[in-house]
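The values are calculated or read from the model by the stated rules, or taken from the named source; none is laboratory data. Only a predicted model underlies this, so the values are computations on that prediction, with no experimental measurement involved. As a convention, Cβ positions derive from the backbone with ideal geometry for all residues, glycine included, and neighbour counts pool all protein chains shown.
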Amino acid sequence: MLENFWYAVELSHEVGTKPTPLRLLGKDYVLYRDSQGRVIVLDNQCAHRGASLALGWVEGNCLRCPYHGWSYETDGQCSHIPADAVGTPIPKRARVLSHPVQEKYGLIWMFVGNPALPADRRPPIPAFPQFEAPVRPATYSRHVFDAHFTRTMENAIDTSHALFMHKGAIGASNAPQRTEIDDYEVTVGEYELAASLPIKVNRLNGVMRFVLQQDDPKAHKSYRFALPNVTYSAVQFGRYKIESIMVHIPVDDSTTVVKSVNIRNFLNQVPGLGHWLDGNTAQVGNKIMQEDDVVVKTQEPQIAPYQDMRQELLVASDATLIAYRKLLKQYAGPSVLPKQAISVEPAIG
Ligand code: FES
Ligand SMILES: [Fe+2]
């Protein structure tokens, strides 16, 4: 539904010279690194008799099929058929598709759409300079949702469920049944949106309670969302900040793998404590994901209804979702080339 975009499809450190399978939007691909360490993405089905190339192995720059040993170059052209006599020409059709790929911010981005679209007309990869050389150690997490990726994306930028549904994991306000969200502004760019709002937690749980010893009235949480499949959040208490990128890998219409990279800007001088904190953050993150999963998979319709927002009843605190759906409405659809930029505008209206 969102074509001609760079999709974040994998964490960089998870792809090496052993082929890695990828199922994206109902199609199968294989990722590997060639002899220079460049990431290559090919269609996964061998042109010969359809075996999975992900079961094969890498030889230099090439990927060898495990069944009859056909070998594919990085551009997808077959260059060796072991069963053919030496000198036999390789059929032109002995090839698989090779897809544009980039590596940035510790993530692998694959271009999904019209391969003829010139590179300068492709929407850019969203900028996350703080993840360029992330402070180590970062933590990573992975969760499989039985839901469409528009729903997991929305869940990640849904501001009002956090204190209500996750109060056990995050902490509670003094009046647990009152989780009002003040009006907040959403900034909408060409392909993304951003919002920031105060955190009104009066009884923090977990790591932040330990780090801060007390609640911070200036604490705030920032959200970002970037088409087609990335969300970002930052929790800031004074000068302490934890930032996360989440990639929502759309496996098919009812499955989304969400992978996240989390960095922090404190406790880097105290590795033991930092390690403990990361463990705790991961634990809380997993609990939150599980709580989300139980509810998100029950949402109907399965795909966030962006064509007609009246299918749901969005209110003021849903400003991020309203903005997201407007972007979806602008860009989603079969084979739609990116339209003109839209100007920055208030999201609600
Ligand atoms: S199926 Fe791949 S070489 Fe035959
Ligand atoms: Fe949640």
Thr159 meets each of (1) within 15 Å of ligand 2 (Cβ to nearest atom); (2) among the hydroxyl-bearing types (Ser, Thr, Tyr); (3) within 13 Å of the chain's Cα centre (by Cα) with one exception, condition (3)
Checking Ala234 against (1) within 16 Å of ligand 2 (Cβ to nearest atom); (2) in a helix (DSSP H, G or I); (3) modelled with pLDDT under 95, the condition it does not meet:
(2)
For the subset of segment 217-251 comprising residues that are among the aromatic types (Phe, Trp, Tyr) and over 12 Å from the mean Cα position of the chain (by Cα), which member is surrounded by the fewest Cβ atoms within 10 Å (Cβ to Cβ)?
Tyr240
Within the set of pairs 6 or more residues apart or between chains, which connect a residue that is assigned to a loop (DSSP other than H, G, I, E, B) inside segment 274-301 to a residue that is away from ligand 1 (no atom under 16 Å from the Cβ) with Cβ atoms less than 6 Å apart?
Lys297/Asp146; Lys297/Ala147; Gln299/Arg151
Could you tell me which residue of segment 302-318 is farthest from ligand 1 (Cβ to nearest atom), considering only residues that are assigned to a loop (DSSP other than H, G, I, E, B) and more than 14 Å from His148 (Cβ to Cβ)?
Val315
Given Ala8, Ala51, Ala85, Ala47, which one is in contact with a Lys or Arg (Cβ under 9 Å, 6 or more places away or on another chain) and more than 30 Å from Phe128 (Cβ to Cβ)?
Ala47
Please count how many residues of segment 104-139 are surrounded by fewer than 16 Cβ atoms within 10 Å (Cβ to Cβ) and closer than 26 Å to Gly285 by Cα.
7
Residues that are within 16 Å of ligand 1 (Cβ to nearest atom) and under 26 Å from the mean Cα position of the chain (by Cα): which strands (runs of 3 or more DSSP E) entirely in segment 11-104 hold 3 or more of them?
27-33
